[in-house]
Amino acid sequence: MSQETLHLVVPSLFSPPEGLHGQGTLRAPAVEKLLSWSGSSDGAREYEAQLFALMGLPVETAAAPYALLGEGIDPGEEIWMQADPVHMKVDLTRLILFEGRNLEIRQDEAEALAQAFNEHFRGEALEMIAPHPERWYLRLSRMPNLRTSPLSLAAGRSPDAFLPKGEDARYWQSLLTEAQMLFHASAVNKAREETGHPAINALWVHGPGRQAESLTPVAHFKMILADDPLALGLAQAAGAVRTELAKAIHADMLCVLHAFQHAELSADEQAWKEVLAEFDQWLGAIFRWLNEKRERTVVLYPCNGTSFCLEGRKRQRLWHRSLPFHRYLTPSLLQS
């Protein structure tokens, strides 16, 4: 009988907001049971790299065209790059980057800034589109020689270590600095500042490239649960069907849960704890699903360099004492 596998990608599961109060008393019984009963092996250290690995794609795969596909827009054979709106702010002695999710950007603001960008950079053969207030894209005329970092790595931190590198880095840094000055002088940001909203004062570019020809031969997911456009785009290219949380426990399924990461990047302690409680409760249904058939398996990918695999036939390792959840938040334990 064939094995049925449910894949759970949960970035920031082990990464609460920095300085989380009461970290030593955190408990999550179902999560603890899953982790203690599972066998561990290597996994990717970044969310995007984990998705690519699950799809059988190389780590350098271009994210932008698949994210655009997940937005409902066919990337065609053109070159795309993500250019997400962000807010840069000096915090004591360093510059901190805040992602668009925290800026309350309206769609009309996004479209106005995209139009201003296109008019200003018309001679550079670039075109910006804003299908979502927090997620913008650039259509490029040529492939840039750049190594970029996803926004999830830079958000909430100093962006210096994650800036684009490569032969074209100087050109793009100059262009992005010019875009910052353009946005600073825009009517959109003047109005935002008057109403007490943080300025949309920079762009974060990443994931440039074209869509691969096909993912069908290497992807094995029939269904996907996600709200992230990159995951949705990759799944669509592989022929997977989107489903809802109420129906989200099936074999050959990929569940991508971003709520932990959103809470971490927003430095929202209460939200992170609430997400942990909800996830723990949902795992109860996962265990019921496992108990129905011995040929079922759950694999958890927290995107921290480790993965956890629990097979249905090993679901009752009663001799394994569950460690308290907060113990998994220490890097030394996860790497041992």
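Quick note: the coordinates plus some simple rules give every number you see, no bench work behind them. No experiment lies behind these values; they were computed from the predicted model shown. Here the Cβ positions follow ideal geometry from the backbone for every residue, glycine too, while neighbour counts run over all protein chains shown.
Computed over the chain, the percent of Cα pairs more than 30 Å apart is 39.
Between the residues 186, 162, 201, the greatest Cα displacement towards the positive end of the dipole of segment 75-209, with unit charges on the Cβ of Lys, Arg, Asp and Glu, is found for 162.
Within segment 79-164, the GluC sites (Glu not before Pro) that combine a DSSP coil assignment with at most 14 other C-beta atoms in a 10 angstrom radius are 104.
When you restrict to C-alpha pairs under 8 Å that are six or more residues apart and normalise by the size of the chain, the relative contact order lands at 35 percent.
Can you classify segment 36-111 as rounded, prolate or oblate using the Cα gyration tensor, where a ≥ b ≥ c are the square roots of its eigenvalues, rounded means a/c under 1.5, and otherwise it's prolate if a/b beats b/c and oblate if not?
It is oblate, given that a/c is not under 1.5 and a/b is not larger than b/c.
For the chain, the 222 nm mean residue ellipticity estimated from helices alone, with every DSSP H stretch of n ≥ 4 adding -39500 (n - 2.57) and the total spread over all residues, rounds to -9500 deg cm²/dmol.
Available extension along the chain between residue 292 and residue 108 is 61.3 nm, counting 0.36 nm per residue and deducting the alpha carbon span. Basic side chains Lys and Arg get +1 at the Cβ, acidic Asp and Glu get -1 at the Cβ, and with that the dipole of the chain about its Cα centre reaches some 1440 debye.
For segment 51-207, with equal point scatterers placed on the C-alpha atoms only and solvent neglected, what are the log10 I(q)/I(0) values from the Debye formula at q = 0.10 1/Å, to two decimals? Summing over Cα pairs of segment 51-207 leads to -0.35. The longest part of the chain holding none of the exposed loop trypsin sites (Lys or Arg not before Pro), meaning those outside H, G, I, E and B in DSSP with at most 16 other Cβ atoms within 10 Å, is 223-292. Here the contact order of segment 1-150, divided by its residue count and restricted to Cα pairs under 8 Å and six or more residues apart, works out to 18 percent.
Our note on the geometry: Cα centres of segment 161-193 and segment 7-51, 35 Å apart. A DSSP coil position with no more than 13 other Cβ atoms inside 10 Å describes the following GluC sites (Glu not before Pro) in segment 5-60: 18, 60.
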